[in-house]
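Scroll down for the structure; my scribbles are underneath it.
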Amino acid sequence: MFNDIGPLELVTIVVLAVLVFGPDKLPKVISDVMRTVRKIREFSESAKQDIRQELGPEFKDFEFEDLNPKTFIRKQLDNDELGLKEIRNGFDLKKEMAEVTDAVHSRDTDTSAGSSAGSSGGRIDMTKKPEDPGKDDRPPFDADAT
C-alpha cells in the first residue's frame, strides 16, 4: 500500500504526527486510522464478492485488476490464440537490421563499379545522386530579393 514512501518521508510523517497530535494521543490516533483502513478493506472485499456473485459462475475468475487498460492489453497480447508470440519470436530485429546495413553498404561499393549495368539483381538503388543543375538554370533563390 505504501510502497512508494521512502524512509525520509516516513520519518517526516512521524515527526509531523507527534507535533500535531502529541505523544499522548498518538497511539490512539494510529489505532483509529488502522481500524478505519481495515473497515475500508473489508467493505471493498465484500463489494467485490457481491459483484462476483451477481455476475454468475462464468465470471468466477474475474479480477478487478484486469479492468486496468495496461493489464487488459498485456493479458490479451500474451494470449496464444492470436499467434502473436510466434510472430514476435519469428521477427529478429538484429538480423533484419544487419541485412539492411549489408544492403546499404554493398550498394555503396557497387555503385562505382556497376553504375552502367543498370539494375543489379533486382535491387533498388537507394543512393542519392547529386543533380547537376544546367548552366541556364537559375539558383533556388533570388539573391537580390533577400
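Please work out the FRET efficiency for the pair residue 9 and residue 39, using the Cβ-Cβ distance as r and a Förster radius of 25 Å; give the result to the nearest 0.05.
In this case the efficiency is close to 0.50.
Once the piece of chain linking residue 64 and residue 87 is laid out straight, how much longer is it, given 0.36 nm per residue of separation minus the C-alpha distance between them?
Full extension of this stretch gives 5.3 nm more.
Rounded, prolate or oblate: pick one for the stretch 19-99, where a ≥ b ≥ c are the square roots of the eigenvalues of its C-alpha gyration tensor, a/c under 1.5 means rounded, and failing that, prolate if a/b is larger than b/c, else oblate.
oblate
Based on alpha-carbon centroids, what's the gap between the stretch 41-66 and the stretch 7-30 in Å, whole number please?
Centre-to-centre (Cα) distance: 36 Å.
None of the figures in this text is laboratory data; all of them are computed from the coordinates on show. Just so you know, these numbers come straight off a predicted model, no measurement behind them. FYI the Cβ positions are ideal-geometry reconstructions off the backbone, even for glycines, and counts take in every protein chain you see.
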